[in-house]
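Contents: one structure, followed by commentary.
The values are calculated or read from the model by the stated rules, or taken from the named source; none is laboratory data. Predicted, not measured: the structure shown is a model, and the values here were computed from it. Backbone-built Cβ (ideal geometry, glycine too); neighbour counts: all protein chains shown.
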Amino acid sequence: MKIKQHKDGSCDFEFTDQEIDVIDKNGRIIFDFEGVKEFGQTLFEISSDSVNKLDSSLKNLQSYMDYDIKPEKKD
């Protein structure tokens with residue numbers, strides 16, 4: 001999986017065909033301890049950078065841990 005962050009703070013999670021097959025088969029992504037560490041660190045860096053790039057009107061929006069995140073579909 002590669003995570004690419006854009007200038008506006010948004011990001012794309014890109015998966016190989018093999019990774020997509022594993023997700024399709026298992027219905028989830030499974031990380032070992034090292035994978036969780038790397039993924040968490042990357043998400044933290046992306047989150048921090050994204051917040052700094054947000055429009056001021058979005059910085060005050062409330063976020064919740066149990067929020068169902070709907071991915072954007074791009075054609």
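Among the residues of segment 27-74, those that are farther than 15 Å from Cys11 by Cβ, in a loop (DSSP other than H, G, I, E, B) and hydrophobic (A, V, I, L, M, F, W, C) comprise Ile29, Ile30, Phe31, Leu58, Leu61, Met65. For segment 7-46, a residue qualifies if it is exposed (fewer than 12 other Cβ atoms within 10 Å of the Cβ) and modelled with pLDDT under 85, and the qualifying residues are Lys7, Asp8. Among all residues of segment 60-75, there is none that is on the phi < 0 side of the Ramachandran plot and surrounded by 10 or more Cβ atoms within 10 Å (Cβ to Cβ).
Residues in segment 47-59 that are modelled with pLDDT under 75 and surrounded by fewer than 10 Cβ atoms within 10 Å (Cβ to Cβ): Asp55, Ser56, Ser57, Lys59.
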